[in-house]
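Scroll down for the structure; my scribbles are underneath it.
The values are calculated or read from the model by the stated rules, or taken from the named source; none is laboratory data. A quick note: this is a predicted structure, and the numbers were derived from the prediction, not measured. Using ideal geometry, Cβ is built from the backbone for each residue, glycine included, and neighbour counts are taken over all protein chains shown. Heavy atoms of the whole protein, side chains included, go into the accessibility calculation; ligands, DNA and RNA do not. Shrake-Rupley method; radii C 1.70, N 1.55, O 1.52, S 1.80 Å.
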Amino acid sequence: KKSEVSKVMAKADIKPKSMHRAKMWSDDVENLYRFQQAGYRDEVEYKQVKQVDVVECWPETGFVKKLQRRDNTFYYYNRQRECEDKDVRKVKVYVY
């Protein structure tokens, strides 16, 4: 769905226009939570920094499966939701 957009965005050094906090859990918030746990703003920044075209996701849920941190260690995530309700408001949602 958004892979074409993210391919284009990963090539340029795109910066977000604004940021707000997530209010409710969603699939997108789940993935943002995973990127932010690994030390990145979002998928766009991850692709820029790591120079990758594709982020490995679970086929069943579409959630991010594995991310490489800036220190080159890996984070592995479960198929199921990991962002608990108490953490949802910590997730930063960037607007481009």
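Scanning the stretch 23-47 for residues that are among the aromatic types (Phe, Trp, Tyr) and buried (at least 18 other Cβ atoms within 10 Å of the Cβ), which turns out farthest from Val91 (Cα to Cα)? Steps first, answer last, please.
Step one: list which residues in the stretch 23-47 are among the aromatic types (Phe, Trp, Tyr), which gives 25, 33, 35, 40, 46.
Subset that is buried (at least 18 other Cβ atoms within 10 Å of the Cβ): 33, 35, 40, 46.
Values: Tyr33: 6, Phe35: 10, Tyr40: 12, Tyr46: 16 Å.
Filtering the stretch 23-47 for residues that are among the aromatic types (Phe, Trp, Tyr) and buried (at least 18 other Cβ atoms within 10 Å of the Cβ), the one farthest from Val91 (Cα to Cα) comes out as Tyr46.
Given the condition in contact (Cβ under 8 Å) with a residue 40 or more places away in the chain, at negative phi and not in a loop (DSSP other than H, G, I, E, B), answer yes or no: does some residue in the stretch 71-81 qualify? First the steps, then the outcome.
Kept after step one, since they are in contact (Cβ under 8 Å) with a residue 40 or more places away in the chain, are these residues of the stretch 71-81: 75, 77, 81.
Subsequent filtering for residues that are at negative phi retains 75, 77, 81.
Now narrow it down to the ones that are not in a loop (DSSP other than H, G, I, E, B): 75.
So far as the stretch 71-81 goes, yes, one or more of its residues are in contact (Cβ under 8 Å) with a residue 40 or more places away in the chain, at negative phi and not in a loop (DSSP other than H, G, I, E, B).
Just one of Lys50, Lys86 is more than 11 Å from the chain's Cα centre (by Cα), open to solvent by less than 60 Å² (accessible area, probe 1.4 Å) and not hydrophobic (A, V, I, L, M, F, W, C); which is it? Break it down into steps so the answer makes sense when it comes.
Numbers: Lys86 fails: open to solvent by less than 60 Å² (accessible area, probe 1.4 Å).
The match here is Lys50.
When the stretch 53-83 is examined, which residues are found to be exposed (fewer than 14 other Cβ atoms within 10 Å of the Cβ), among the β-branched types (Val, Ile, Thr) and under 13 Å from the mean Cα position of the chain (by Cα)?
Val54
How many of the residues in the stretch 28-48 are touching a Phe, Trp or Tyr at 6+ places or on another chain (Cβ under 7 Å) and part of a helix (DSSP H, G or I)?
Our first condition is that a residue be touching a Phe, Trp or Tyr at 6+ places or on another chain (Cβ under 7 Å); within the stretch 28-48, this holds for 30-31, 34-35, 37-38, 40-43, 46.
Okay, now just the ones that are also part of a helix (DSSP H, G or I), so 30-31, 34-35, 37, 43, 46.
The qualifying residues number 7.
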